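Every read-out reported here was derived from the displayed coordinates using simple, explicitly stated rules and does not represent laboratory data. Everything numeric here is computed off the predicted structure, so don't read it as measured data. Neighbour counts run over all protein chains shown; Cβ positions are idealised from the backbone, glycine included.
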Amino acid sequence: MDLAMTGYWLILTGLLLTAPVQNIKFIARLHWFVTALLLFISVSIVTVDLELYSHWGFRMNTTPLFYAGPEAIASVNGFRLIIIIILFIALVASFIFFYFKFISKKFIALLPLPLAWAPVMFLITGCLFIPIRSSFSVAPLNTGVVYFHKTKTFPNHAGINVVWNFLRSLSSKDGLKYPSNFFEGSHPEEIVKEMMRSENPGSSLLTTAKPNVILIILESFTSKIIEPLGGLPNITPRLNQLVHEGILFDNFYASGDRTDKGLLAILSAYPAQPLSSIIKYPEKTQSLPYLPRSLAQLGYTTSFVYGGDIGFANMESYLTTAGFSHITEDDDFDEAIDNSKWGVADHFVFERLLNESDSAKSPFFKVMLSLSSHEPFEVPMETVIKGNDERSLFLNSCLYTDKSLGAFIDGAKKTTWWKNTLIVITADHGHRFPDNAEELKDKERFKIPMLWLGGAIAKSDTVVHTISGQTDIANTLLAQLSKTQSVFPFSKNILDTQVTPFAVYVFNNGFGYLDTKGESIYDFDYKNYIKQESDAEGILAGKAYMQSLFNDYNNR
C-alpha cells in the first residue's frame with residue numbers, strides 16, 4: 001500500500017522529466033510546487049487522522065468532510081488542536097528541509113534531459129502502474145490486503161496507508177449519504193420491525209438441536225437455469241434431483257446483483273444498497289452483525305472456503321472481521337490447479353470443502369463460494385453445450401458447477417458427519433442469462449434458489465412458497481437452532497407461520513419490492529415507480545424498508 005501511494009506521487013515527477021521543456025528554472029520551480037502541494041496534502045491527512053482515529057475508530061476517509069465546519073473544530077480539545085498544528089508544522093518543515101538538502105539539487109542536475117530520453121522516461125513512468133495496482137491478478141489493491149488479525153481491528157487499521165485510504169474514498173462513493181426524506185412518514189424503522197416480527201419459530205426441520213451447517217453459495221445461479229423453479233431443463237440435473245431430497249424455497253430472491261452484495265446479505269443479513277456496496281468500507285462493516293459470530297457463540301467452529309483471490313472487492317477485511325477462524329483461498333491450493341482467470345475450478349474447491357469437513361471439529365459452520373460460473377466461464381470439462389457465445393459458455397459453466405456440487409453431495413453422504421449436517425445451497429445473485437435481454441429491473445433477474453438438505457433434515461421433497469430473500473437466511477437458520485434473540489434487524493424467519501411474505505431487491509439506483517399482491521419497482525433516477533402492482537400498504541412498506549436501510553447506512 002505504501003508502494004502504491006509512492007507510485008501515485010511519483011507520476012507527476014515522471015511526467016515532468018518526460019516533458020520536452022528546456023527551461024531548467026521553470027521545471028525546477030514546477031517540481032517544487034508539485035512537491036509542496038503533495039506534501040501539504042499528505043501531512044494534513046496524517047495529522048488529522050491521528051486525532052480522528054481515537055474518536056471514530058477507523059482510518060480517515062471522506063466521512064469527516066460531511067462534518068467539516070466551525071462546530072467540528074470547536075469539538076476538538078484546544079490543547080490537542082495546538083499539538084496537531086505543531087506536529088503539522090514540524091513535519092512539513094522537516095520534509096521541506098529534506099527536499100532542498102537531498103533532492104532538489106540532484107533533480108536539477110538531471111535537467112534538461114535529452115529529447116531522446118523522453119520515450120524512456122515515459123515508459124518508466126508508465127511502469128508505476130505496477131506498484132499502484134499492486135497486483136497482476138483480477139483484484140486491485142484494497143484495504144483488505146493489509147488485514148491480518150483475526151479478532152482485533154487496531155492491528156489491521158495500523159497497516160493501512162491513511163493517505164491512500166483517504167484518496168481512495170475521495171475517488172469512490174465512500175462519502176455517499178443517502179436521502180433522509182425518501183420516506184414521507186416518520187419512524188420507518190418501526191414499520192420494518194413489524195415487517196420482520198417473529199413470534200412463532202415454526203416447525204423444526206431438523207433432526208438434531210445443533211447440526212453442522214455447510215452453506216454453499218453458487219456464483220450466478222439464477223433460477224432461470226433450474227428446472228424446478230421454472231428454468232431451462234437439463235442445465236442443473238444434479239440440483240434438480242437434490243430438490244426432492246430436501247426443502248426447496250421457490251420464492252427466494254437475491255438482495256443485489258454482485259457477489260460482494262450477496263455475501264453481505266447472506267452473512268450479515270444486510271441489504272444491498274443502490275449506489276454503493278458497504279463491504280468496500282471496513283469502517284462501516286466492522287459494526288455490522290455477523291452470522292459466523294452468532295454461530296460461534298453457540299459453540300460452532302467457523303471457516304470460509306473460496307478458490308479465488310480473497311482480496312477482491314475487499315472480501316478479506318470483511319471475512320476477517322466476520323470472525324471466521326479459518327479462511328481458505330487460492331493461495332492455499334496447488335499452483336498447478338490455480339490456472340483460470342478467477343482462480344481454482346469448482347470441483348477442486350468442493351473436494352477441499354469435503355476434506356476440511358472431514359477434519360473439522362463439530363459442530364462446524366463452513367461457507368463455500370464457487371466461482372467457475374463467473375465470466376469468462378472457464379471450466380475444465382468437455383464442452384456439453386456447444387457454442388462460443390456468452391450464453392452457451394455460461395450455461396456450460398453452470399452445468400459443470402452443478403456436476404461438481406453433485407459429486408460433493410455424493411461424497412458427503414459417505415461420511416460420518418453427514419447424518420448430523422444441514423447443507424444450505426443458494427446463490428450470490430442472479431444473472432441476465434440465459435435470456436439475451438439486458439433486463440436489470442425485473443424480479444426474474446434476482447430470483448435464485450435456496451435448498452436445505454442433508455442428514456439433519458427431517459423432511460424431504462418439500463416446497464416452501466413464502467416470498468423471502470437472502471437477508472432472511474440468518475434469522476431462519478438461527479430460529480431452527482433455538483436462538484430467538486436476533487441481532488439482524490433486516491432478517492425475518494421464513495418458517496414463522498405468521499411471517500410477512502415479502503422480498504426487496506436492489507439494482508443501480510433503484511429497488512424492487514415484491515409481496516403477495518405483486519411487484520413494484522422504483523427508480524431513483526426517474527424519481528418514480530416504473531412498475532407498480534403493490535397496494536398502498538406494499539408501497540408504504542417498500543419505502544419504509546429503503547429509508548430504514550438508508551438511515552442505517554448513513555449512520556455507520
Within the chain, which DSSP H helices have Cα atoms that stretch 15 Å or more along the helix axis and a mean Kyte-Doolittle hydropathy of at least 0.0? 2-18, 24-56, 78-98, 390-412
Proxy exposure order for Ser169, Ser287 (fewest C-beta within 10 Å first) is Ser287, Ser169
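So, counting K/R as plus one and D/E as minus one, what does the shell of residues with Cβ under 10 Å around Asp346 add up to?
-2
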Quick one: which residues, 5 or more positions from Gly202 or on another chain, have an amide H under 5 Å from its amide H? H modelled 1.01 Å from N in the peptide plane, none for Pro or chain starts. Thr497
Could you pull out every residue, at least 5 positions away or on a different chain, whose amide H is within less than 5 Å of the one on Met368? Hs are placed 1.01 Å off N in the peptide plane, and Pro or chain starts have none. Leu215, Ile216, Ile217, Val305
So which lysines pass the test for Lys101, namely a Cα distance under 22 Å, with those fewer than 8 places away in the same chain ruled out? Lys25
In whole Å, what is the distance between the alpha-carbon centres of region 88-117 and region 462-505? 62 Å
Taking a ≥ b ≥ c as the square roots of the eigenvalues of the Cα gyration tensor of region 206-555, is the shape rounded (a/c under 1.5), prolate (a/b larger than b/c) or oblate? rounded
Which residues qualify? For Tyr253, with a placed amide H closer than 5 Å and at least 5 residues away or on another chain, they are Ile448, Ser468, Gly469, Gln470
Using each residue's phi in region 203-212, evaluate 6.51 cos²θ - 1.76 cosθ + 1.60 at θ = phi - 60° and report the 3J(HN,Hα) Karplus result to the nearest Hz, with x for Gly and Pro. 5, 6, 9, 10, 9, 9, 6, 9, x, 5
Under Karplus coefficients 6.51, -1.76 and 1.60, residue-wise ³J(HN,Hα) of region 219-233 in Hz, glycine/proline x: 4, 6, 7, 5, 5, 6, 10, 10, 4, x, 9, x, x, 5, x
Quick check: from the Cα gyration tensor, does region 2-170 come out rounded (a/c under 1.5), prolate or oblate? oblate
Cross-link reach from Lys361 to lysines, straight Cα distance under 17 Å and at least 8 residues apart if same chain, gives Lys210, Lys419
Measure up Lys193/Lys261; Lys284/Lys341; Lys443/Lys517 against 25 Å on the Cα-Cα distance and list the ones that go over. Lys284/Lys341
About its Cα centre, region 2-170 carries a charge dipole, from +1 on Lys and Arg Cβ atoms and -1 on Asp and Glu Cβ atoms, whose size in debye to the nearest 20 is 340 debye
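Net charge around Leu291, counting only other residues with Cβ within less than 14 Å of its Cβ (Lys, Arg = +1; Asp, Glu = -1)?
For residues surrounding Leu291, the net value is +2.
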